[in-house]
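What follows draws every value from the coordinates through simple rules; no lab data is involved. As the structure is a prediction and not an experimental result, all values here were calculated from the model. Note that each Cβ is placed from the backbone with ideal geometry, even for glycine, and that neighbours are counted across all protein chains shown.
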């Protein structure tokens, strides 16, 4: 029986997307924007901040190595907050419904600890989460097993009594190996149906 529901944050509870800022920065030059995000400031490169590297340090060091992209790289750190545009549609009510059904809620997120406290402060949905493990604070990231063990141990969660929701299959694969139930997130309606099938809702 599922007792605990664990949520990823970015693109599950919170609408974080680099393009929210860079669509404006590159002023419609999609080819240049795509190249920058796919080859310069990639998601893999961004993971250093999730692991605890300060944005100013990481961006300035990288910008010095690629002067032709200097301004865009610096803008990545300085305008990071503009990549967050609010909560994912319908998800606040879903989290409320999960809690009303008697299930504690937890967050397991790859996120910079430099940035997350303000995001929590500004988004009511994150006030509904009973316990949070953040990669930037723990200095280890998904999909490495260590961060999952931190969550399980800190809050006394039994893997087979827990379900983890993430939009990244690689992160779900690790949870599967640890015996945690998993759901790959697509949207609120799909997730609600999956949780209902598991008997959570």
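Take every DSSP beta bridge whose two residues both sit in the chain; close to 10 percent of them are antiparallel.
In region 16-84, the ratio of gyration radius to Kirkwood radius, Rg to Rh, stands at 0.93 when only Cα atoms are counted. Legend: ranking of residues 83, 1 from fewest to most surrounding C-beta atoms inside 10 Å; resulting order 1, 83.
By the beta-carbon count within 10 Å of each Cβ, the least crowded to most crowded order of 154, 18, fewest first, is 154, 18. Rg over Rh for region 22-130 works out to 1.06, using Cα positions for both radii and the Kirkwood form for Rh.
For region 16-84, relative contact order (Cα pairs under 8 Å, six or more residues apart, normalised by length) works out to 43 percent.
Between 0 and 90 degrees, the angle of helix 145-155 with respect to the longest Cα principal axis of the chain falls at about 50 degrees. The angle separating the long axis of helix 188-197 from the principal Cα axis of greatest extent in the chain is about 30 degrees. Evaluate the distance, in nm, between pseudo-label points positioned 7 Å from the Cα of residue 177 and of residue 64 along their respective Cα→Cβ axes. Output for this residue pair reads 3.7 nm.
In the chain, the longest principal axis of the Cα atoms and the axis of helix 55-65 are about 40 degrees apart.
Given the convex hull of the Cα atoms of the chain, what is a quarter of its surface area in nm²?
Values: hull surface 44.0 nm².
The orientation-averaged projected area of the Cα hull of the chain comes to 11.0 nm².
Note on 166, 15: ascending count of other Cβ atoms within 10 Å places them as 15, 166, the fewest first. Short-range pairs are left out: with C-alpha atoms under 8 Å and at least six residues apart, the relative contact order of region 99-157 is 36 percent. Placing R0 at 22 angstrom, the Cβ-Cβ distance between residue 160 and residue 44 gives a FRET efficiency of 0.10 after rounding to 0.05.
In the chain, Cα pairs under 8 Å separated by at least six residues give a relative contact order of 29 percent.
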